[in-house]
Every structure is written in C-alpha cells, then in structure tokens.
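Presented below is the structure to which this report refers.
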Amino acid sequence: MIRKIVSYPSPVLSRASKPIETVDDSIRALLSDMAETMYVADGVGLAAPQIDAGLRAIVVDVGGEPGLLKMVNPEIVSREGEIEWEEGCLSVPEFRIVIKRSRRVHVRYLDENSAVRELDAEDLLAVAIQHEIDHLDGKLIVDNVSRLKRELYVKKRKKAEEHARESIVL
C-alpha cells in the first residue's frame with residue numbers, strides 16, 4: 001500500500017524514532033509499504049518517520065547490488081573516509097544540498113525475518129543509509145543550513161502550495 005509522505009516542517013520528522021521490539025507481520029507490512037511508497041516516489045531510500053510511523057525502520061535501494069534493503073533498528077557500527085554528496089529528500093521537496101558523509105559504513109540491523117545482518121556499504125549506498133538513519137534520529141538535510149535558509153524554503157513551499165490550490169479548476 002502506498003503511504004502519504006510527510007513533508008517538512010512537520011514535527012513528526014524531528015522526533016527520534018522508537019526501536020522495534022519484535023519483527024512481526026505488522027512490521028513486515030510496514031516495510032513493504034515503505035518500499036512501494038519509495039519506488040512510486042522515485043526515491044532511493046525511505047525511513048518510517050517519513051510516512052508518520054515513529055519506528056526505527058528504513059528501506060534503501062540505490063539500484064544494482066544488493067538490491068532492496070529492509071532494515072529494522074539499523075545502527076552504524078563503524079565509519080571510514082569522507083565523501084561529499086548532493087542530497088535531496090522525499091520529505092523536503094525541491095531542496096538539495098551538498099553534505100559531507102562517511103564514504104564507507106559498516107551497518108548492523110535486523111532483516112524482515114528478525115535475522116541479525118551486517119553490511120559494508122560505500123559511496124551512494126553508504127550515503128543513503130546515513131541519510132535514512134538521520135531520519136530515525138529526527139535529523140533532516142535542512143538542519144545543515146542556516147535558520148534563515150530554512151525559513152526561506154518554508155515560505156517558498158507555502159507559496160507553491162497556495163499557487164497550486166489557486167490553479168485547480170473544477
């Protein structure tokens with residue numbers, strides 16, 4: 001099922017997510033919904049808070065190997081190197097920023113069958129995982145710019161939404 005993606009500045013995006021105690025059918029359904037929503041929105045990652053579910057779950061698919069990753073309670077165990085990447089976010093439409101991240105990360109998580117998994121990721125996959133884990137911690141890409149730039153972005157989005165409402169012809 002495709003879910004509605006929450007947009008900035010919704011307060012739900014700034015809250016830390018709760019760990020998942022048990023990976024059951026409801027969590028598997030959540031992960032499937034998240035993947036479907038991510039693909040329809042043409043994203044490479046999605047975190048549960050972005051669909052108003054305050055749980056520590058993410059999905060990531062940057063294309064190629066390893067394919068779709070469904071991660072429950074992901075944690076970065078180690079980091080190496082540095083990379084700059086221009087990032088966008090499904091919850092922050094029409095906003096892009098270059099962010100410094102770790103080039104490589106080692107991640108531990110539960111898969112959709114409750115098995116403990118570990119993954120070494122680098123470049124785009126590492127960036128996407130770090131971006132989605134930031135969501136779980138209540139951090140957004142707009143947190144990396146000044147308050148003034150955030151406020152200007154919010155005003156721009158409100159104007160665009162008002163214009164879209166005004167141009168709807170019934």
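When segment 105-121 is filtered for residues that are in contact (Cβ under 8 Å) with a residue 40 or more places away in the chain, more than 17 Å from Ile20 (Cα to Cα) and not hydrophobic (A, V, I, L, M, F, W, C), only Glu118 remains.
Quick check on segment 63-80. Is at least one of its residues of a type in the set (Gly, Ala, Ser) and touching a residue at least 40 places away in the same chain (Cβ under 8 Å)? No: segment 63-80 contains no residue that is of a type in the set (Gly, Ala, Ser) and touching a residue at least 40 places away in the same chain (Cβ under 8 Å). Output yes when any residue across segment 89-99 is in contact with a strand residue (DSSP E or B) (Cβ under 8 Å, 6 or more places away or on another chain) and part of a loop (DSSP other than H, G, I, E, B), and no when none is. Checking segment 89-99: at least one residue is in contact with a strand residue (DSSP E or B) (Cβ under 8 Å, 6 or more places away or on another chain) and part of a loop (DSSP other than H, G, I, E, B).
Checking each residue in segment 41-64 for being more than 10 Å from the chain's Cα centre (by Cα) and assigned to a loop (DSSP other than H, G, I, E, B) picks out Ala41, Asp42, Asp52, Ala53, Gly54, Arg56, Asp61, Val62, Gly63, Gly64. Within segment 117-130, can one find any residue that is β-branched (Val, Ile, Thr), touching a strand residue (DSSP E or B) at 6+ places or on another chain (Cβ under 7 Å) and farther than 24 Å from Leu69 by Cβ? Checked against the condition, which is being β-branched (Val, Ile, Thr), touching a strand residue (DSSP E or B) at 6+ places or on another chain (Cβ under 7 Å) and farther than 24 Å from Leu69 by Cβ, segment 117-130 yields no hits at all.
The numbered conditions (1) closer than 19 Å to Arg108 by Cβ; (2) of a type in the set (D, E, K, R); (3) in contact with an Asp or Glu (Cβ under 8 Å, 6 or more places away or on another chain) are all true for Arg56 except (3).
Scanning segment 17-40 for residues that are in contact with a helix residue (DSSP H, G or I) (Cβ under 7 Å, 6 or more places away or on another chain) and part of a loop (DSSP other than H, G, I, E, B), we see that the one that is surrounded by the most Cβ atoms within 10 Å (Cβ to Cβ) is Ser17. Over 13 Å from Ile129 (Cβ atoms), within 11 Å of the chain's Cα centre (by Cα) and among the β-branched types (Val, Ile, Thr) - does that describe any residue in segment 65-87? Among the residues of segment 65-87, not one is over 13 Å from Ile129 (Cβ atoms), within 11 Å of the chain's Cα centre (by Cα) and among the β-branched types (Val, Ile, Thr), which makes the answer no. Ala121 passes all but one of (1) in a helix (DSSP H, G or I); (2) of a type in the set (A, V, I, L, M, F, W, C); (3) under 21 Å from Leu31 (Cβ atoms); which number fails? Here Ala121 clears every test but (1).
Each reported figure results from applying straightforward, stated rules to the coordinates on display, with no laboratory input. Please read these numbers as outputs of a predicted model, since none were measured by experiment. Please note: Cβ atoms are built from the backbone with ideal geometry, for glycine as well, and neighbour counts cover all protein chains shown.
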